[in-house]
Amino acid sequence: MKVLVTGGMGYIGSHTCIQLLEAGMTPVIFDNLYNSKVSVNERIQRVTGQSVEFVEGDIRNKALLVDTMKRHNIDSVIHFAGLKAVGESVAKPLEYFDNNVSGTLVLVDAMRDAGVTSLVFSSSATVYGDPASVPITEDFPTSATNPYGRSKLMVEECLTDFHAANPQWSITLLRYFNPVGSHPSGDLGEDPQGIPNNLMPFVSQVAVGRREFLSVFGDDYPTPDGTGVRDYIHVMDLADGHIAALNKVGQQAGLHIFNLGTGNGSSVLDMVKAFEQASGKTVAYKIAPRRPGDIAECWADSSKAETILQWKATRSLQQMCEDTWHWQSENPKGYPE
Ligand code: NAD
Ligand code: WQD
């Protein structure tokens, strides 16, 4: 199976390319390198012993997408490309709608022209807004609390309407919870530019000495220790979820929606402790005010994916932290240029 992986140089995309290769599939990466480095591809090759075709391009370039899909006889598309920083999206909503929404529409239009009718889309638990209860199942009401989340919700809605008009397509919406961790080799991992927005890259940069302390955003939430609770999932488990989606429903007409999470909630302080244990380093932190827009707790009911995709997250919190530390300690400045 030949799979076009938009955003394949990025954090989740690169780990998924490795698992595609391990599963005997052929990824072709399409990425504009806006938030990634070309050296990622060398790391994929180092880990798998296989080279991956890379096309440098923007998903808003329809002609290049059509040409790439036809030239490589693409069977399915996994669509990771997009912008993902919540805070930035508040300041730059147009850029987010242009990249994430218009970009996806151009991609689907290009797929139609190239005769490719199987799509897996990177959605997010953010589409559940502030959920009324936990765990969250796929039929919970959706809403958006910021432009990034709205862009994901808009894409889901556009794809739902598109699917209603084109029911022979296979369209899969994967709603990720909180991806963390790295490839166990230590050769690939998350490499945020500038100050990390997400918890675990920040924690690991404190442990490696790049930052002085972590600000814990709020300790007065109605949770066991007062800090926010999330469903952290190992990026390798998440990557495997994409392979399962391609294998089980990727050739099956339908609009398929799945949560990809572990079903367990961990607090910010749980994560700090687990990381200290895995790294043997102290992670200094200070309690800070709540971050605007944050919710108290969020975790998945992933039983639908377990039943239909026969997929289940298996890697522990300890493994997520150990692998993150392996990557961070061996690549303290991230990927080379
Ligand atoms: P990432 O930034 O590491 O990867 C995204 C990749 O897409 C980058 O390599 C970037 O260069 C590329 N890209 C961006 N805009 C592009 C464009 N217009 N044309 C071509 N390439 C473009 O992000 P990630 O963490 O790997 O996330 C992948 C996807 O998963 C995103 O759609 C994100 O919204 C979604 N997601 C991420 C998380 C998370 O916490 N990391 C959670 C839920 C959903
Ligand atoms: C986790 C917890 C913070 C940083 C975001 C997006 C979501 C999805 C995943 C893409 C929260 C706390 C964080 C810090 C902290 N992305 N925290 N200090 O907010 O659950 O989800 O990323 O789709 O859409 O909203 O993840 O890693 O930012 O935060 O105390 O420096 O860590 O308050 O409780 P979040 P996160």
### Query
Sorted from largest down, what three extents in whole angstroms do the Cα atoms of the chain have along their principal axes?
53, 44, 39
### Task
Keeping every protein chain in place, order F217, F30 by accessible area at 1.4 Å, biggest value first, i.e. largest first.
F217, F30
### Summary
Here the percent of antiparallel bridges among DSSP beta bridges lying wholly in the chain, to the nearest 5, is 5 percent
### Gaussian network model of the chain, springs between alpha carbon atoms under 10 Å - residue of S316, S279, S267 with greatest fluctuation
S316
### Task
Quick one: among G254, G194, G265, which has the greatest mean-square fluctuation in a GNM of the chain with alpha-carbon springs under 10 angstrom?
G194
#### Entry: Potential lengthening between D225 and T282 on full extension [0.36 nm per residue; Cα-Cα distance subtracted]
18.6 nm
### Query
How high is the FRET efficiency between S303 and K62 when r is their beta carbon distance and R₀ equals 30 Å, given to the nearest 0.05?
0.20
### Query
Could you give the nm distance between label points at E212 and C158, where each point is 7 Å from its Cα heading toward the beta carbon?
4.3 nm
### Query
Once the whole set of protein chains is in place, how much accessible area is left on V106, using a 1.4 Å probe, in Å² to the nearest 10?
40 Å²
#### Entry: Potential extension, E42-Q252 segment - 0.36 nm per residue separation minus Cα distance
72.2 nm
### Task
Would you list the membrane-span-like helices of the chain, meaning whole DSSP H runs whose alpha-carbon atoms span at least 24 Å along their axis and whose mean Kyte-Doolittle value is at least -0.5?
147-165
### Query
Per Stokes-Einstein, at 37 °C and 0.692 mPa s, what whole-number D in µm² s⁻¹ belongs to segment 260-337, with the Kirkwood radius over Cα pairs as the hydrodynamic radius?
217 µm²/s
### Task
Could you count how many Lys pairs in the chain have their Cα atoms under 20 Å apart, skipping same-chain pairs fewer than 8 positions apart?
15
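The values are calculated or read from the model by the stated rules, or taken from the named source; none is laboratory data. Note that the structure is predicted; figures quoted are calculated from it, not measured. Because the Cβ atoms are built from the backbone with ideal geometry, glycine has one as well, and the counts that use them run over all protein chains shown. Ligands, DNA and RNA are excluded from the accessible area calculation, which covers all protein heavy atoms including side chains. Shrake-Rupley method; radii C 1.70, N 1.55, O 1.52, S 1.80 Å.
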